[in-house]
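Worksheet for the structure shown next.
Derivation of every value follows stated rules applied to the coordinates shown; laboratory data play no part. Worth saying up front: this structure is predicted, and the values here are computed from it rather than measured. Note that each Cβ is placed from the backbone with ideal geometry, even for glycine, and that neighbours are counted across all protein chains shown.
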Amino acid sequence: MWCRKVILSNTSLHSTFRNVPLRHVKLHQMKFTHPIKVTEIAKMINANITGDIDQFATGINEIHKVTAGDIAFVDVAKYFDKTLNSAATVIILNQEVPCPEGKTLLILDKPFEAYNALVLHYRPFQFIKSERDNSTKIHPTAIIEPGAIIGPDVEIGAHSHIQANVVLSNHVTIGERVIIQSGAVIGTDAFYFKKENEVFAKWHSCGRVIIEDDVYIGANCTINKGVSGDTIIGAGSKLDCLVHIGHGVIIGKNCLLAAQVGISGKTILGDGVTLYGQVGLAQNLHIGAGATVLAKSGVGKSLDALGTYFGTPAGEVRTKMKEIAAMQYLPELVRKMNT
């Protein structure tokens, strides 16, 4: 059975995210323990090679997170240029195209299937066989209550408290003084699918969940691991019960999330963000440091720092309240227009 253990590298994230302080954020990708020659990868997935055949790959990643040395895939022609001009060194695709200088192209019929096969090869699926996996690293001062399930490659820091019936899936790292209440499930697979021939094909998740120091996670929260990167809960942040965090989300330090908040994949919250109950955030947003979003709001666009927002779609709270107040006059205005 051919498999290699995979570790994740911490690479600083350089970004221009507006009003989002990212001094604490690290971008994590699936990295190999040692470089793999592209000819070996091509043989594994039965691909033709064009470009630099002496190239080595150092990791595998989604297109929006690739760095030099990474493998990426593309199977839709309109995204070819973006992928070919990305930082990815090795690109799997389904069409013969000119190879950019310094890159290697691996050509085959089904790039998505090849990408998934490589992920499973270098990070094989591991199911949980017992309440506490032998690979788990738990600090002696941590409290693990009966019934907590701790999967492979989990680390738990000093003075953390994992209550009964918590599930920590594969590749979860818990910092110090973290409290996770009963029923929380940490490290679920990313809800990430590719539609092929009217069928949704699952991307295999190879990311992690990182929970930093002094985080509180309420009962029955669910936190997805990243597809190829990490989901991060920043130090000091507090999550109420029934909060859902999507794949690859980054939550800053000292954020406060009330019950039934839902955050879609790859959205980033700056430090000190407050989300009231039942707030929903769409994917790929940037929420500025210190922003507050009031209850039941639906956020579909990025928000600036320090503002207070309300409504669906969410907007600046005073403007939204004026809109609501004006609505009471609408029936009378319509009546006058029709007379």
inquiry  = What distance in nm separates the two pseudo spin-label positions at Lys78 and Ala117, each 7 Å out from Cα along the beta-carbon direction?
reply    = 2.9 nm
remark   = Helix 317-327: inclination vs the chain longest Cα principal axis, degrees, rounded to 10, gives 60 degrees
ask   = Could you give the length gained on full extension between Lys37 and Ser135, defined as 0.36 nm per residue of separation minus the Cα-Cα distance, in nm?
value = 32.4 nm
ask   = Taking the Cα centre of each part, how many Å lie between region 263-339 and region 193-217?
value = 27 Å
ask   = Nearest 0.05, what FRET efficiency do Ile324 and Asp189 give at R0 = 51 Å with Cβ-Cβ as r?
value = 0.80
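Mind listing which GluC sites (Glu not before Pro) in region 136-198 are in a DSSP loop and have 10 or fewer other Cβ atoms within 10 Å? Don't skip to the end; give the middle numbers.
Working: sites: Glu155, Glu176, Glu196, Glu198; in loops: Glu176, Glu198.
Here the sparse-neighbourhood loop sites are Glu198.
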Convex hull (Cα only) mean projected area of region 216-339, reported in nm² to one decimal = 8.4 nm²
query = Is region 52-97 best put as rounded, prolate or oblate by its Cα gyration tensor, with a ≥ b ≥ c the root eigenvalues, rounded for a/c under 1.5, and otherwise prolate when a/b is larger than b/c, oblate when not?
reply = oblate
ask   = Got a sec? Charge dipole of the chain, +1 on Cβ for Lys and Arg, -1 for Asp and Glu; which of Asn197, Val154, Thr89 is way out at the positive end?
value = Asn197
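In deg cm²/dmol, rounded to 500, what helix-only [θ] at 222 nm does the chain give when every DSSP H run of at least 4 residues adds -39500 (n - 2.57) and the total is split over its residues?
Working: 5 runs with 44 residues, N = 339.
Per the formula, -3500 deg cm²/dmol.
Once you keep just the Cα pairs under 8 angstrom separated by 6 or more residues, what percentage relative contact order results for the chain? Present the calculation step by step, with values, prior to reporting the outcome.
Details: 957 pairs, mean separation 33.3, N = 339.
Relative contact order for the chain comes out at 10 percent.
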ask   = What FRET efficiency would be calculated for the residue pair Cys99, Val334, taking the C-beta separation as r and a Förster radius of 45 Å, to the nearest 0.05?
value = 0.10
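Given charges of +1 on the Cβ of Lys and Arg and -1 on the Cβ of Asp and Glu, with all other atoms neutral, how large is the dipole of region 137-321 about its Cα centre, in debye to the nearest 20? Each step should come with its number before you reach the end.
On the way: 14 positive and 15 negative charges, 96 e Å.
For this selection, approximately 460 debye.
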request  = Treating the angle as unsigned and between 0 and 90°, give the value, to the nearest 10°, between the Cα long axis of helix 111-122 and the longest Cα principal axis of the chain.
outcome  = 80 degrees
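How much length would be gained if the chain were fully extended between Asp109 and Asn197, taking 0.36 nm per residue of separation minus their Cα-Cα distance, in nm to one decimal?
Details: separation 88, 0.36 × 88 = 31.68 nm, distance 1.44 nm.
Computed gain between Asp109 and Asn197 is 30.2 nm.
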inquiry  = Within 10 Å of each candidate Cβ there may be at most 12 other Cβ atoms; applying that plus a DSSP loop requirement, which trypsin sites (Lys or Arg not before Pro) in region 240-316 survive?
reply    = Lys301
query = Suppose every K and R has +1 on its Cβ and every D and E has -1 on its Cβ; what is the size of the dipole of the chain about the Cα centre, in Debye to the nearest 20?
reply = 560 debye
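Based on the inverse mean of 1/r over its pairs of different Cα atoms, what is the Kirkwood hydrodynamic radius of the chain, in Å?
Values: mean 1/r = 0.0462 Å⁻¹.
For the chain, the Kirkwood estimate is 21.6 Å.
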inquiry  = From the P(r) of region 137-321, could you give the percentage of C-alpha pairs in the tail past 27 Å?
reply    = 27 percent
